[in-house]
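Below is one structure; the comments refer to it alone.
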Amino acid sequence: MNETGVKTRGAVAQMRKAGSNRKTRDQFRRDPVWATARADLAIQGMGCASCVQKVEKAVKGLPFVVDAQVNLATLRASVTYVPMQAAREEIRRAVEGAGSYQAVLLPEDGLADQDLTDKIERSEQREAQGLRRRLWTALFFSGLIMAISMGGMLPFLEIKDREVRNLLLLLLASPVFFWAGAPFHMGLIRSIRHRTADMNTLVSIGTATAFFYSALVSLWPSLFAVDRFSAFVYYDTATMIITLILVGRTLEARAKGKARQSIRSLMGLQPRLARVIRNGHEEEVPIESVCVEDQVLVRPGERIPVDGVVIEGASSVDESMLTGESLPVEKAPGCQVVGATINQNGILRVRAEKVGMDTVLAQIVRVVQDAQASKAPVQRLVDRVAAVFVPLVLLVAITTFAIWWIWGPEPNGLNAMLHAIAVLIIACPCALGLATPTAIMVGTGRGAELGILIKSAESLERAGKIQAIVLDKTGTLTRGRPEVTEIEPSGNVSHEELLQYAASLEKASEHPIGRAVVREAERRAVATVPVESFENLPGRGLRAEIKGREVLLGNGALMESQGVSLGEWLDKADPLFSKGRTVMFLAVDGEVLGLLAVADTLKEDAADSVRQLKALGLEVTMLTGDNARVAATVASDLALDGVIAEVLPQDKAARISDLQKEGKQVCMVGDGINDAPALVQADLGIAMGTGTDIAIESADIALMGPSLKGVSLAIRLSRRTLRTIRQNLFWAFVYNLIGIPLAAGVLAPCCGISLKPVYAAAAMAFSSVSVVTNSLRLRRMRID
């Protein structure tokens, strides 16, 4: 092996050793020495959990592949590998070489362009149409076969000559077996070629046994003349099994299509065309042609095509697809806009800042796709079962045949065959394969619709097990920017006059507190006046002249340094200090005219959000750098279970660790920047945001809107999804644990209970459909 090959295998070994440990794995991937790439593929032809196992095994067998995850619900594969020449093409060939699969490599960013998306959708539609044609053909001929087989009950269809009737049934059954059932038989042939087994193996062997036995009876009846039972044929069994399984697959495909609707809806939000101003002229161009710094014209009712900033015009924009908030947001020059949001009532000229794969919408789609392609830890048990399921079922069928052949009642040969067929048909690896990925696909898709971006299935599973929530104060519980909370004038001036003085001084300041005062004046329609001799006194306040009078605005230290007596104003300020307010005194010509208090106020929904979290049985704690007195006031207002105050950003992770040492599963909720170490340390990190920072590496879940209610909604959605997964797995396992012994005739000797192959096929089709349908219930989850 050459040096490159040795290094590649070393890198792969190190990465695989990292295993499922999220933090270790991410460390490796960020290290340039172990740089990895990712290949995403769309795969057609997979039908059950065994198919997933075959594809994963084939891809993981490549020497440069670190990890491979195949999703049966989305029909996608995500492969992590050490880059080397032609690696992506080798991965594609490995997928197609694993069986009867067709694989399409998606672009390296993982997002298919519109042409490729359309091509994949057309291919899926052709496959669905072909499935429906096979189903209708099977229904037609199977119906005739069942009617003729029941000739005693339908005299007008009764054919007296048994040999003629059998030959007619053979003729009618052949299109069903050879054409409608062709996908199963071709799957069996390919499985034999690759020395593997899947659901096609079970169906094909079961139906072929019934069909070819019946064909022998029809073509050479004299060979079976000794046994009076040998003249019976089982074309109805063979054809109805194929028909019922095709019914199940059709319903399953339709249900999976509905489950994938959320990601299609997100991708469909992107406009295909944009109006760009170039060389002074307006021209309509494909969205792919828009470049950064291009000026885009957006008319009322149109979707904004790119992320950018408004440079001309004013309008209200519907951002509900982004934040979940129904109220439109006013936009004016200088405001940021996000692609795919809807311009409502004005013409906007927007300068493009992010286009293509850099837009917020593209990142949302990518996060949802990543989550849907990932596997939850609970899936590992399913994978282990699926790896041995089909071979085990084949062994059980052979054993069943042997037992009924040796010890069964007459006609022992027919009984052995029918019970073996029932075992092969009722076994359903499909339900096992779909139990987890369909629930995750629907759950993460529903989350995206609600403005909750769940980055992986592992994150979703951890969110459902959280016991304690730790909330950062600034930007999470509070608005994240100061607001004027109190204005107390003396008897000599009005509220408006006091605010006018303060805003006139602060208008020249860039301090956040100063901007809060100016915003309050604008809100109250209080006009500012010109100032002279403006002076900024760091750490104390501002000094200037207004209409020849000296005006001071600042803290007590400023007043003391300028010889201004505060007197009773200190007593008025003390209650405000205790609430955590920043208090500014205003004096004119040495006389105090009043005070203004500023604070980062609680969000309107903070109290309701905390109540919702507590209603979920969660312990809610606030983590803040504020002093203990201010923190205790906020904790009391919100009825929090606990508060950890005076914590530096670098110490927040240690406080999370302390809670974890108490045996709690801890979720940290923060802004995703200053709280990054704590977000990583926590069992689950949730980043608050406005939708423009969705790629925060440290968080497991990103909320698109500023509302804290998204946290409780994310926890509820995760719990519902986990409950759905458990229900699906319970049904899939119990179905097989009960169905296979019943089909084998375990209860026949004592209770006379046995399962005909046709009923086994109906049960098998129902099991897959029921799992997908149960997952679809997540789409209707209430958000109130």
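The values are calculated or read from the model by the stated rules, or taken from the named source; none is laboratory data. Just so we're clear, the structure is a prediction, and the values are computed from it rather than from any experiment. Positions of Cβ are backbone-derived with ideal geometry, glycine not excepted, and every protein chain shown enters the neighbour counts. Areas reflect the complete protein model, heavy atoms only, side chains present, ligands, DNA and RNA absent. Shrake-Rupley method; radii C 1.70, N 1.55, O 1.52, S 1.80 Å.
Expressed as an acute angle from 0 to 90° and rounded to the nearest 10, what is the orientation of the C-alpha long axis of helix 412-426 relative to the principal long axis of the chain? Tilt relative to the chain: about 20 degrees.
Using the average count of surrounding beta-carbon atoms within 10 Å as a protection proxy, the listed peptides 192-199, 289-296, 93-100 rank, highest first, as 93-100, 192-199, 289-296. Scalar couplings 3J(HN,Hα) for region 241-250, obtained by applying the Karplus form with A = 6.51, B = -1.76, C = 1.60 to θ = phi - 60°, are 4, 4, 5, 5, 5, 5, 4, x, 5, 5 Hz; x denotes Gly and Pro.
Each residue of region 124-129 was assigned a 3J(HN,Hα) from its phi angle through the Karplus expression (A = 6.51, B = -1.76, C = 1.60, θ = phi - 60°), giving 5, 5, 4, 5, 5, 5 Hz with x at Gly and Pro.
Relative to the dominant Cα principal axis of the chain, helix 757-776 is inclined by about 10°. Less than 5 angstrom separates the built amide H of Leu273 from those of Ile287, all sequence-distant by 5 or more or on a different chain.
Projecting the Cα atoms of Ser374, Phe585, Trp404 onto the charge dipole of the chain (Cβ charges, centred on the Cα centre) puts Trp404 farthest toward the positive pole. Cross-link reach is defined here as a Cα-Cα straight distance under 20 Å, omitting same-chain residues fewer than 8 places apart; for Lys547 the aspartates and glutamates meeting it are Glu496, Glu497, Glu506, Glu532, Glu535, Asp589, Glu591.
The GluC sites (Glu not before Pro) of region 470-527 meeting both criteria, a DSSP state outside H, G, I, E and B (loop) and at most 10 other C-beta atoms within 10 angstrom of the site's C-beta, are Glu510. In a simple Cβ point-charge model (Lys, Arg +1; Asp, Glu -1; nothing else charged), the chain has a dipole of about 4040 debye relative to its Cα centre. When the charge dipole of region 478-573 is built from unit charges on Cβ atoms (+1 for Lys and Arg, -1 for Asp and Glu) and taken about the Cα centre, the candidate among His495, Gly480, Pro512 whose Cα reaches farthest toward its positive end is Gly480. Under 12 Å from the Cβ of Lys664, count the other residues' Cβ atoms, weight Lys and Arg +1, Asp and Glu -1, and hand me the total. Computed value for this residue: -3. In a simple Cβ point-charge model (Lys, Arg +1; Asp, Glu -1; nothing else charged), region 350-390 has a dipole of about 80 debye relative to its Cα centre.
Taking each DSSP H run with n ≥ 4 as -39500 (n - 2.57) and averaging over every residue of the chain yields -16500 deg cm²/dmol at 222 nm. Dividing the convex hull volume of the alpha-carbon atoms in region 540-648 by its residue count gives 116 Å³ per residue. Normalised size of region 466-528, defined as Cα radius of gyration per 2.2 N^0.38 Å with N residues, equals 1.49. Along region 85-98 the Karplus relation, 6.51 cos²θ - 1.76 cosθ + 1.60 evaluated at θ = phi - 60°, assigns HN-Hα couplings of 4, 6, 5, 4, 5, 5, 4, 4, 5, 5, 5, 5, x, 7 Hz to successive residues, with x for each Gly and Pro.
Consider a paramagnetic label point 7 Å from the Cα of Glu497 along Cα→Cβ; state which residues of region 527-546 have an amide N under 19 Å from it. Of the residues in region 527-546, 527-531, 544-546 have backbone N under 19 Å from the label point off Glu497.
Convex hull volume of the C-alpha atoms in the chain, normalised per residue: 226 Å³. Between Lys603 and Thr478, Arg479, the built amide H atoms are under 5 Å apart, and every one of these is 5 or more places off in sequence or on another chain. Over region 731-784, accessible surface divided per residue gives 51 Å², non-protein components excluded, 1.4 Å probe. In this structure, the residue pairs whose Cα-Cα separation is over 28 Å, taken from Lys54/Lys664; Lys354/Lys455; Lys455/Lys661, are Lys54/Lys664. Comparing Cα centroids, region 465-535 and region 355-415 end up 61 angstrom apart.
Counting protein heavy atoms only, the chain has 56 percent of its accessible area on carbon and sulfur, 1.4 angstrom probe. Going down the list Lys331/Lys507; Lys507/Lys579; Lys473/Lys709; Lys473/Lys652; Lys331/Lys709, which pairs span over 18 Å between their C-alpha atoms? Flagged as over cut-off: Lys331/Lys507; Lys507/Lys579; Lys331/Lys709. Farthest toward the positive end of the dipole of the chain, out of Met186, Pro749, Gln562, is the Cα of Pro749, where the dipole comes from beta carbon charges about the Cα centre. Nearest 10 degrees is fine. How inclined is helix 379-407 to the longest principal axis of the chain, computing both from alpha carbons? Rounded to the nearest ten degrees, it is 20. Taking the average, over residues, of other Cβ atoms within 10 Å as the packing measure, peptides 661-667, 407-413, 551-557, 73-79 rank 73-79, 551-557, 661-667, 407-413 from highest down.
Could you pull out every one of the aspartates and glutamates with an alpha carbon less than 12 Å from that of Lys614, ignoring same-chain neighbours closer than 8 positions? Excluding near neighbours in sequence, the set is Asp641. Taking Lys465 as the anchor, which aspartates and glutamates have their alpha carbon closer than 18 Å to its alpha carbon, excluding any fewer than eight residues away along the same chain? Partners within reach: Glu619, Glu662, Asp683, Asp700.
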